[in-house]
Structures are given as structure tokens and as C-alpha cells.
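This report refers to the structure that appears directly beneath it.
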Amino acid sequence: MQPLLEESYSRHLAVLQERAERALAETGFDRLLIHAGRVHEYFADDQEAPFRPGGHFGHWAPVEGPAHLLEVRPGRRARLLRVTPPDFWYEPPAPAPPFVARSVEVVDLPDADAAWREAGGAPRTAFVGEGGEEAAAHGIDDGSVNPARLVARLDWDRAYKTPYEEETLHEANRIAAGGFRAAKAAFRSGASEMEIHHAYLAGCGTTEDALPYPTIVATDEKASVLHYQRKRDRGQGKPAVLLLDAGAPLRGYGSDITRTWTDGADPVFASLVAGMERLQQQLCASVRPGAGYLDLHVAAHRGVAELLSEAKVVTVPAEEAFETGLTHPFFPHGLGHFLGIQVHDVGGRLADREGTLKPPPSIYPFLRTTRTIEERMVFTIEPGLYFIPMLLEPLRQGPKAPLLDWPLVDRLIRSGGIRIEDDLSVTADGHRNLTRPHLPH
Ligand code: GLY
Ligand code: MN
Ligand code: MN
């Protein structure tokens, strides 16, 4: 495995080098300095928020710790100026993994000043990342700190994942699947949200701080809170619905999977879950180069309209439910997003390498991906259907109220909502589902 990893990482770096050289040439720079990010202390406190490297840095080098600089110059091997201060309070950042150290020139330095000295001054350096004041203090002018035209190119290119990235995300899905299986068993045995969360972490073999995003462990009515963050402990009784949205970390990347399971739920809700599973699979089947992500999102709304109509939540045919916008309060988020170093990875709303934006239509304000689907993109497909009191209330009070069966809606509010989410990588003629081989349901 190690020689394979080393080889795929070194090819990944070769791709990044080529992209960076092109972006530098197009924007008039000779050198790229990428900052790993800074530590953030809570206000008037000596405690720190968990550190997470910036995405630009993580794209190049999966190494622990803040303040490092990564230097890229045309025709040269990338140099990692790694800051590793002596410390007896904390364990210093782990050394760069061997597969990294064999492809990148690593220079270990005791502090950030030493890293800047090692970087040395160079005209036409572009600085990318957090730490603009540090860059200014070392002679980099404002216009060269996160220059928009350069960053747009890096973000645009980041949508095309290298085989190293695809395999890393695939492996992160495999790790997460262990957590999902453990969480499902806990749910079926009547565990609380807190206990399911712990079962998930143990099943992945990870810690909370390392997660790509906080787990969403939502039972029953809380499944309608899209990014539900609490973890209720015992005292709620045995849940009948679990919506689990969780990721697993690997080499700075993370998976992003959602499953909704029922155990003794309202039968209408259970049939909606089964219908959503079919809809999600149909949407996945349409993923191929040339398809428009926005078109898939619209198809998801049509599918939600059919589910609502079949379940008689709405009293009108699916077509009318779709045309009158009845699906919007039930499916208020976007169908999905790019996935990579960041769970909502960059570049989803770019129209071109220059950074021109391609925003979603105003009726779908939360859609994060408007690009045409192309080979090597990795994104999620995550349709949902929720009973969210805050969004249903205006409908209940408005002119479209007669189009819904409100006693049924009130019953289903107790079941919360449904989301089913897989990670997909786009191939030359279709896609590869990175999730289902490890987590079929
Ligand atoms: N886990 C957040 C999302 O699915 O976008
Ligand atoms: Mn997602
Ligand atoms: Mn998710």
C-alpha cells in the first residue's frame, strides 16, 4: 500500500505543480507561498479552537500543525518549511509522513520567523492563506496576498480531483461506513443521540476533533433541523427515526454521508424513506459528464413532488405540486456540493477560471453547485424531504393551505425528515459511487 500511496501522491503533486505554474504565469507571479493557517484562541482565554489547516495548504501536504509555509516555484520541487517548535506542554506536530517527505523537500524550523527567513524575500511572490499581516511584515504587498485572479484559478482547478484524492475520499467512505454500521446497531438497540454519536466515533476509530464536520445525529422530530448540532442523552424514549449525517477524516480529506433509518416509525414516513432511497438512486444514475448539476437539482424537486403526492401529503398531482413551488419548504437545501479537503469544497459556483461567479437561480438560493458536470469532479448527491415547522407555518397560513393534508403533516412533523447522501466521483462516461460499495443502504 505504502509504495502505491507514495506513487499516487507524487503524481498528485505533479498535477498540482503544473496547475500552479500555469496559474502563476497567467497572473504575473514567480512564486507561490501557501500558509498552513493559524491557531485561534477564544477571547480572553488560554484555550484554543481545534486547529485545521487551510484548504490550499492541505491540498499539497497532509501534515499536522499550524504556521508552516509551502513554497512552489516553476521547475522546482515544492518546499515545505515546517514549523516544529520545541514544547513540553504539548506534543509537537508529527513529522511529515514518509510518503510526503519523499516527494516534497521538507525543512524543519523551530518557529514561524525562522520559516519566513528560510523562505527569503523574492519579488513577485503570491501569498495564499491566512496570515496576511505576517506576509505584509515580510515584505509581501497587499495586492499579492490572496490575489483574486490566482485564487480563482486554484479554486477552479481544485474541482478536478486527482486519482490520489479520489482514492483518499473512497477510503474515507470505507472508514465512515464502519461508524454508520455501529451507529445503526446502537439506534436499533434504543440508544440516545449522545450514545449513537459515541458509537459512530468508535466505529470509525476517530476522535471528535478530527471529524471533517460535526456529526448530525438527529432522532425523530429533530431530523428536520438540517444541521442539528445537539446530542440529547437518555430520557427521550426509544427513537423511531435516525438521520445520521457524518464524515470520516483521512489525510486532510473527509467523506460526507447521510442515512435515514426507521424502527417503528409512522408507516407513511417509512414509505417516504423508501421512496427517497429510490429517488436518490435515480438521481445518482443521471450523473455523467455533460449533465448540469442545476438540472439534477430541479429533477430532485420533481421527485420530491411525486413523493409528497403519492403519500397524499399534498392533495394535488405531483406536476402541480412542483409547478406551484410546494416542494420548496420540504426540500429547502441544495442537492449537493463539491467534496474534497473541505466538506463544502471550493469552486462550485464558478463560471470560469477568472473567478466569474455563476450563482444559482434565486428560487434555489442554497444550491452550492451550478457547474456543468465534468470528469474527475467529486460531489455529493443528497436529496431531502423534511417537515420543518418554521417553513410549513407560512404555507399553513397562506393561500396554498388547501393543497395540503394538515393533520397528516402534523403527524409527520414528529418523524422529522429524511436525507440520503452519497459521495460520487465522475468518470469519463458516468460516475463511481464512493459510498455504496461500503454502505449499501
Ligand atoms: N454534512 C453537511 C452536508 O451534507 O452538506
Ligand atoms: Mn453534504
Ligand atoms: Mn452531509
Worksheet entry | Considering residues of the range 229-244 that are open to solvent by less than 10 Å² (accessible area, probe 1.4 Å) and either within 14 Å of ligand 2 (Cβ to nearest atom) or without any contact (Cβ under 8 Å) to a residue 40 or more places away in the chain (or both) only, the residue nearest to Gly55 (Cα to Cα) | Leu244
Practice prompt. Could you name every one of the strands (runs of 3 or more DSSP E) located completely within the range 388-441 that has at least 1 residues being acidic (Asp, Glu)?
Written response: 422-426
Worksheet item: Any chance the range 397-412 includes a residue that's open to solvent by less than 10 Å² (accessible area, probe 1.4 Å) and within 16 Å of ligand 3 (Cβ to nearest atom)?
Response: no
Worksheet item: Does Phe379 satisfy being touching a residue at least 40 places away in the same chain (Cβ under 8 Å), away from ligand 3 (no atom under 16 Å from the Cβ) and aromatic (Phe, Trp, Tyr)?
Response: no
Discussion item. One residue is enough: does the range 219-234 have a residue meeting the conditions among the charged types (D, E, K, R), more than 30 Å from Val15 (Cα to Cα), in contact with an Asp or Glu (Cβ under 6 Å, 6 or more places away or on another chain) and away from ligand 3 (no atom under 13 Å from the Cβ)?
Written reply: yes
Practice prompt. Return yes or no: is Thr380 outside any loop (DSSP other than H, G, I, E, B) and closer than 28 Å to Ile175 by Cβ?
Written response: yes
Worksheet item: Taking the range 122-136 as the region of interest, how many residues are in contact (Cβ under 8 Å) with a residue 12 or more places away in the chain and open to solvent by 10 Å² or more (accessible area, probe 1.4 Å)?
Response: 7
Response to the item:
Within the range 350-387, restricting to residues that are closer than 23 Å to Thr258 by Cα and surrounded by fewer than 18 Cβ atoms within 10 Å (Cβ to Cβ), the one that is farthest from the chain's Cα centre (by Cα) is Pro365
Worksheet item: So, of the residues in the range 341-369 that are within 16 Å of ligand 1 (Cβ to nearest atom) and polar (S, T, N, Q), which turns out to be farthest from Pro214 (Cα to Cα)?
Response: Thr369
Item to complete: Only residues that are more than 29 Å from Thr168 (Cα to Cα) and either polar (S, T, N, Q) or open to solvent by 70 Å² or more (accessible area, probe 1.4 Å) (or both): list them for the range 317-349, please.
Response: Pro317, Glu319, Glu320, Glu323, Thr324, Thr327
Worksheet item: What do you reckon, is Pro66 in contact with an Asp or Glu (Cβ under 6 Å, 6 or more places away or on another chain), assigned to a loop (DSSP other than H, G, I, E, B) and either of a type outside the set (A, V, I, L, M, F, W, C) or open to solvent by 60 Å² or more (accessible area, probe 1.4 Å) (or both)?
Response: no
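The values are calculated or read from the model by the stated rules, or taken from the named source; none is laboratory data. These figures come from a predicted structure and were not determined experimentally. No Cβ is skipped: glycine too gets one built from the backbone with ideal geometry, and neighbour counts run over all protein chains shown. We work out accessible area using only protein heavy atoms, side chains counted, and drop any ligands, DNA or RNA first. Shrake-Rupley method; radii C 1.70, N 1.55, O 1.52, S 1.80 Å.
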